Structure formats: C-alpha cells, structure tokens
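Some notes on the structure that comes next.
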Amino acid sequence: MLYAYHEQLHTLSKNMLYWTDAASKMLSYFDQGSSKLLVNNQIVAGFEVFNRLVRQYEKPAFNLTQTAENLTVTEKIISSKAFCHLIHFERTNPAGEIVKGRAKILLVSPMSGHHATLLRDTVKALIDTHDVYVTDWQNAREVPMSEGSFSFDDYVSYVLQFIQILSEQERIHVMAVCQPTVPVLAAISLMSQNNNPLRPLSMTLMGGPIDVRAAPTDVTRFATKHSLQWFKNHVISQVPYNYAGAGRQVYPGFLQHMAFVSMNPGRHWNAHLDFFHHLVEGDQSSADSHRRFYDEYNAVADLPAEFYLDTIEKVFQNADLARGTLVVAGVKVDPSAITDVALLTVEGGRDDISAPEQTTAAHILCSALPQEKQTKLFMETAGHYGVFSGSLWRKSIAPEIKKFMAAHSNNELV
C-alpha cells in the first residue's frame, strides 16, 4: 500500500515537473537583459531546485571510458545473475588489443540502497593499474517473482561464485566497501575452512560493520532499538504492478533515501540552499558539482526484503559474525580458519555510519592470520564516503591499498 501511494504521488508530481520545466525554459528564452534580472534568476533557480527535489532519479552510468594511460575502457557483463551482474572494466590499447597481465580485483559494492556507480571514484583510481571487476546489484523491483527470493546467504553465495569465476587462472584480490564487508569476510572464511585453492590473495575491508558493538552509531542504535517485527511492519512494502518485480516484498529505495537524508538533514538543506544561490549568481561550476553529487546520491534501488531483514538481524542486532554465531547455508562461519589471505582494514575518523573500530574488529576475528599479513589504515579526517571517494581517497588511501596488494600478490604487475 505504501509503495502504491508513493507511485501515485510521483505520477501527480509529473504534471508539476512538466509545468515548471516549461516555465523555466520560457523565462530563459527572454532577451538577455530581461533574463539577467534578479527576479528571473531566482524563479528559474527555484524551479530547478524544486524539480530536483521532486523527480525520480534513474540509475547513473559509470562513464569511465579511458584510463590515465590513454587505454580505452569498455564495460562488459561477464556473469549475469538474477540479482547481480558482474561487470568487467576491460581495457584495450590503441591497437585494439586487450591489456592483460595486471592483478585482478573483485570490488564488491554495497547492496544498501545506492547503485554500484557510487564507487565510480573507487574504480577510476584502480583501473590504471589493475584489472577491475565490480558487482552491480540489480534493483529488486525489476527482478520478477519467478526468480525467487534473495537472502544474506544468497549474497554470500554470489560472492563465492564471483571469486571462483575470476580465480580460474590466478588468485585475485577482493575489496569490500561498507555493507559487504561482513558477507565478504564470511565468504572468504568459508573458502578457507574448505581449503579452497581459489581463495583470494588478499581482502580489503573498508568502512564496514564487522562488529557494530565496537563503536555504536545512530545507525546501530536505531537498528537495535526496534524489533525485527517493527522493521517488517514499517519499512517493508510490495512492489506495485507497473514494475517487472510486481508483488515482491522490498525495502523501497524512496524510504532508504529518506533515511539517508534524515541522518544529516542540516547538511542537505544547506547544500540545496547553496545550490540555489549558485544558480542565481551564475556559478555554473559549483552548480554542476552539486548536480553530479545528487544525481548519484538521489538514485536509489529497492532491496529484497529477505536480505534487508537478514542484515538487520544478523549484522546489526545480533552481530553474529563477531560473536561467532553466524551460520551460512547450514555451515558455521569461522574467520580463524583464514591463515594466508592478507587482510587490510580501512577506517575514517569521521565515519558516522561505520565508526572506527567496527571494521578493525576483523583483525581480532582472523586470529590465526600472521601479523605480517595484517595491515590497518586509519584516516583521521575521512568520513564514510571519503574512505572510497574524493581527494583523500585518490591521494592517500588508494596508493596505500595498491601497495598492500602489491606486497601480497603473486603477480609481477600489480
């Protein structure tokens, strides 16, 4: 019912969007003297701010077509599953030859509302030196009911399958950003427990909730304050008839977006107010920067209800992995079985989603891993997004991750 009501509101708002867009174009069409009047600028700016607040945002594109070395980059889906596509950023030289010989990285993106393109900056910093593959989780509202459900166990299973697909010829490196740090550590633990020869060379866990008890945040407090039944009753809804996944139970993207904004409402209010002033003043550079950020931030995807509720219960309420009680597909997960997969944790001192110490808890769990295979990277001034994007990521964090992987690689070229 909630989802259907939201769709009705969106349909009604379309007429307003058409009207304000037309009015904005009409005002902009006037002669230059008139268009430069302050009142005209304010009206046009107001229309754009309104449009951007009301409209729905489509899934963004990576738009990574060339590396710093002038290699051509092409996105190719090498494994297509119901809930995820595995994307390869294939590189070719000017002669059209595929560039090989670089170490492979499986970058596991979050299934937590935003699309994999949130890691655009992450990928961009890696494709110059590595062969990069990214999990592109699908919007659950577009997955037909005939494909079945998708749970936390299924997420771990997907990660396991992707690692094995990429490791047929050589062992790879795995990176997980935020939410997937838990299922990735679980998957690699299971591979180590089975002595799977395809287990990765290294794993980099960045800003994730390995042990939420280590440093409570507003996110963890909210999750533990409410019962699992409360989440079922208040945030789970059914996909309406106009989508391929009609009838599927999901945590809708629009509710997730509301949750994201509610964490820092003042920051977003000020950002939009600044955007309005930039438009009025004609500061297109600053306005474009705002558009780029919010085109990504406002594009959200529905999550399968089973996966979302599993994550609330297993990761945030029970901290199963940290407590040694996590069971996946009937098998108890034991990170102490990891003895040769190098571990790097990355944390930001200003991370208010996965606070410092939540991720480094992985070192405690991997108790049998030699110290020379363990590294911690702490960036005091990095917030949650700064751990994997922005200038601090590009200048300070990415180079350290590359050094770490080079030190734990079987390849000469890393």
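Rule-based calculations on the coordinates, nothing more; no lab input. What you see is a predicted model; the values in this text were computed from it and never measured. All Cβ positions, even for glycine, are placed from backbone atoms using ideal geometry, and neighbour counts span all protein chains on display.
Things worth noting here:
- Taken one residue at a time, the phi angles of the stretch 202-215 give Karplus couplings (6.51, -1.76, 1.60, θ = phi - 60°) of 8, 9, 10, 10, 10, x, x, x, 4, 9, 5, 6, 5, 7 Hz. Gly and Pro are set to x.
- The slack in the chain from Glu313 to Ser396, taken as 0.36 nm per residue of separation less the alpha-carbon distance, amounts to 26.4 nm.
- Cβ-based net charge around Val99, under 14 Å, with every Lys or Arg adding one and every Asp or Glu removing one: 0
- 5 Å binning of all Cα-Cα separations within the stretch 319-365, expressed as whole percents from 0 upward: 5, 18, 23, 21, 19, 11, 3, 0
- With θ taken as phi - 60° and the Karplus curve 6.51 cos²θ - 1.76 cosθ + 1.60 applied, the whole-hertz 3J(HN,Hα) list for the stretch 135-151 is 7, 10, 5, 7, 5, 4, 6, 9, 9, x, 4, 5, 7, x, 8, 9, 10 Hz, x standing for glycine and proline.
- 3J(HN,Hα) along the stretch 115-132, derived from phi through the Karplus expression 6.51 cos²θ - 1.76 cosθ + 1.60 where θ = phi - 60°, amounts to 7, 4, 5, 4, 9, 4, 5, 5, 4, 4, 6, 9, 6, 5, 10, 9, 8, 9 Hz, with x in place of Gly and Pro.
- The stretch between Asp340 and His234 holds 33.8 nm of extra length on full extension. This uses 0.36 nm per residue minus the Cα-Cα distance.
- Annotation: amide H-H contacts under 5 Å for Asp131 (H modelled 1.01 Å from N, sequence separation of 5 or more, or interchain): Ala103, Lys104, Ile105.
- Between Lys81 and Leu86, the built amide H atoms are under 5 Å apart, and every one of these is 5 or more places off in sequence or on another chain.
- Charged neighbours of Asn196, selected by a Cβ distance under 13 Å, balance to 0 (K, R count +1; D, E count -1).
- Mean-position separation - Cα centroids, the stretch 190-234 and the stretch 74-102, in angstrom: 29 Å
- In the stretch 317-401, the DSSP beta bridges split such that about 25 percent are antiparallel, to the nearest 5.
- Gyration tensor (alpha-carbon) shape descriptor, the stretch 98-216, a/c threshold 1.5: rounded
- Neighbours of Thr345 by Cβ distance under 11 Å: Lys/Arg scored +1, Asp/Glu scored -1, total -1.
- Between Glu168 and Phe378, the contour length at 0.36 nm per residue exceeds the alpha carbon distance by 72.3 nm.
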